[in-house]
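Data block below; observations after.
The values are calculated or read from the model by the stated rules, or taken from the named source; none is laboratory data. Computed from a prediction, not measured in an experiment: that's the story for all the values here. Virtual Cβ from ideal backbone geometry, glycine too; neighbours counted across all protein chains shown. The area values use the complete protein model at the heavy-atom level, side chains included, leaving out ligands, DNA and RNA. Shrake-Rupley method; radii C 1.70, N 1.55, O 1.52, S 1.80 Å.
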Amino acid sequence: MPPASPALSASQLARLGALGEEQTARVGDVLYHVGDQSYPFIAIHEGEVAIVDVAGHEIVRHGPSGFLGELNLLTGQTVFVTAVVTKPLRYVAVEREMLRALLFEDGPLSELVLATLVERREALERLDGVGLEIVGPHSSEATMRMLEFVRSNRLPYSWQDALPTGTGGLPLVRLPGGAELRGPSTGQLSRTLGIGRELATREEVDLLVVGGGPAGLGAAVYGASEGLDTLVVESTALGGQAGSSRRIENYLAFPAGITGNGLTGRAVTQAR
Ligand SMILES: Cc1cc2nc3c(=O)[nH]c(=O)nc-3n(C[C@H](O)[C@H](O)[C@H](O)COP(=O)(O)OP(=O)(O)OC[C@H]3O[C@@H](n4cnc5c(N)ncnc54)[C@H](O)[C@@H]3O)c2cc1C
């Protein structure tokens, strides 16, 4: 069971309130749904929301001063869970771009929100019935490649080591929300999930960074902050080797170490 939300302070709620729109919702209202392309950051003033998986099993509830969302709120991936109102709700909704700008300015809020979103993603990865469903036999190279891709990208998934029914390439990938892809390339899956984007036949940028590991993401941040139109191309997973490490020790500015997911979540958010 993922941890419930840490509490936002009154001043943090007020800052969010100044940026977003205050809204209300009734019991049973769905704030966002598995398979949605995006959702806003939601901070709760009053009431309660249950987070449920695609089968309707409850994962956790969030109440007053809490907030909703997991890492895909910042990375832009498809939504993996559904949020249903369980007690009459008064909340503030802040769009992703506004939230990113606020996190950039407000260190303590950024620490609280990022650490929580990363922790929630790690909890989702440990749950059955959340995320992608991959069906394909162990003997299929394409299936093994796809599994490697979803693991490196820290996407929640389940795998059936079996031949899928029907025709088409291997593996069958069922997306959050139910759509199915047969034998997709990793690029196609990545674009469908909102991780990457389709490139035009010809793209013109000031700076092209090949590889989205710590070095590439660092270069992208510096390039973009100097005003260069910057494009990162990554063949496997943003975060590079660091993303696959349980714990990164001895990384400058993190004296106690940081999880690979934590470092990658922060780096990708900053680079985006
Ligand atoms: C298990 C593990 C534990 C680690 N622990 C620590 C630690 O405790 N402390 C520490 O400081 N370091 C640690 N490291 C090392 C750290 O992760 C690396 O030093 C760091 O990731 C190197 O960053 P990089 O950006 O140079 O390269 P990488 O992380 O290797 O990133 C390169 C990226 O480029 C992509 N790429 C390559 N070729 C292409 C291409 N042609 N087109 C598109 N994309 C391409 C790759 O897919 C990759 O994502 C660990 C590494 C691992 C694997």
Quick calc: nm separation of the 7 Å Cα→Cβ label points for Arg191 and Ala253 -> 3.3 nm
Extend 7 Å from the Cα of Arg61 along its Cα-to-C-beta direction; within the range 23-54, residues with backbone N under 14 Å of that point are 27-28, 47-52
Heavy-atom accessible area of the chain with neighbours in place, 1.4 angstrom probe: carbon+sulfur share in percent works out to 52 percent
Rounded to one decimal in nm, the spacing of the 7 Å Cα→Cβ label points at Ser11 and Lys87 is 2.7 nm
Summing -39500 (n - 2.57) over every DSSP H run of at least 4 residues in the chain and dividing by its residue count gives a helix-only mean residue ellipticity at 222 nm, to the nearest 500 deg cm²/dmol, of -10000 deg cm²/dmol
Any trypsin sites (Lys or Arg not before Pro) in the range 122-221 that lie in a DSSP loop and have at most 11 other Cβ atoms within 10 Å would be Arg197, Arg202
Residue span Val221 to Val27: 0.36 nm per residue of separation minus Cα-Cα distance leaves a gain in nm of 65.6 nm
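Local charge sum around Ile134 (other residues, Cβ-Cβ under 13 Å, Lys/Arg +1, Asp/Glu -1)? Display every interim value, and only then the final one.
Working: positive: Arg145, Arg151, Arg174, Arg182; negative: Glu133, Glu148, Asp161, Glu180.
Computed value for this residue: 0.
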Row for the chain, column shape: gyration tensor on C-alpha, a ≥ b ≥ c, rounded if a/c < 1.5 i.e. under 1.5, prolate if a/b over b/c, else oblate; value oblate
At the level of C-alpha centres, the distance separating the range 132-200 and the range 13-47, in angstrom, is 31 Å
Given a 1.4 Å probe, the accessible area of the chain per residue, as a whole number of Å², is 50 Å²
